[in-house]
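Participant: Mind having a look at this structure? Questions to follow.
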């Protein structure tokens, strides 16, 4: 089932996800629906917050991304990221390693808005041990941010936020109008969080 993707301005996007204690049929169905929703929206990742569920659950699929290569190791074994997709991550914890690089990111919750974001080039962690680099590492970090209520605009440089401020404000107002929140109840345009 294709689910509705929340847009910037919805408070659920800022919610820290609750850990998932039991992986039951409801979680499996939610993950399957999230994968279907992500594919229908032509995305490479989708966090539970983006569909209104503040849980530590995210799905990823970078198999269609040709121009930005990825590396993946699962429990120490090299895998072709294309054959390992989609990934479902539950209660993920990441450890950042290596150099950082700036790359363009977008987000299904911010239609038609992109920005240059600095991210680590590799990461590892979890009960199953995943090591990744390239675009997959960027996508995992982006989705794990969502699980902690952090949006990609929070990682933009100040000048980029200023340049996008009118578009962000318009998106936020459109979202609030759709949810029935009055403009005077709106939260600040961007988070004060800097990481």
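The values are calculated or read from the model by the stated rules, or taken from the named source; none is laboratory data. All figures in this text were calculated on a predicted structure; none of them were measured in a lab. Note that each Cβ is placed from the backbone with ideal geometry, even for glycine, and that neighbours are counted across all protein chains shown.
Participant: So which strands (runs of 3 or more DSSP E) stay within the range 3-97 end to end and still have 3 or more residues that are in contact (Cβ under 8 Å) with a residue 60 or more places away in the chain and surrounded by 19 or more Cβ atoms within 10 Å (Cβ to Cβ)? Before the answer, list the steps.
Facilitator: Numbers: elements: 45-47, 57-60, 70-74, 77-79, 87-90.
Fully inside the range 3-97 and qualifying: 45-47, 57-60.
Participant: Might you let me know whether the range 107-119 holds any residue that is without any contact (Cβ under 8 Å) to a residue 40 or more places away in the chain, assigned to a strand (DSSP E or B) and surrounded by 16 or more Cβ atoms within 10 Å (Cβ to Cβ)?
Facilitator: Among the residues of the range 107-119, at least one is without any contact (Cβ under 8 Å) to a residue 40 or more places away in the chain, assigned to a strand (DSSP E or B) and surrounded by 16 or more Cβ atoms within 10 Å (Cβ to Cβ), which makes the answer yes.
Participant: With (1) in contact with a helix residue (DSSP H, G or I) (Cβ under 9 Å, 6 or more places away or on another chain); (2) assigned to a helix (DSSP H, G or I); (3) at pLDDT below 90; (4) surrounded by fewer than 19 Cβ atoms within 10 Å (Cβ to Cβ) as the list, and residue 176 as the residue in question, which single condition is left unmet?
Facilitator: In the conditions (1) in contact with a helix residue (DSSP H, G or I) (Cβ under 9 Å, 6 or more places away or on another chain); (2) assigned to a helix (DSSP H, G or I); (3) at pLDDT below 90; (4) surrounded by fewer than 19 Cβ atoms within 10 Å (Cβ to Cβ), residue 176 misses (4) alone.
Participant: Continuing with the same structure: Quick one: what pairs do we get from the range 127-155, first residue touching a residue at least 60 places away in the same chain (Cβ under 8 Å) and at positive phi, second surrounded by fewer than 20 Cβ atoms within 10 Å (Cβ to Cβ) and in a helix (DSSP H, G or I), C-beta under 8 Å, 6+ apart or different chains?
Facilitator: 149/14
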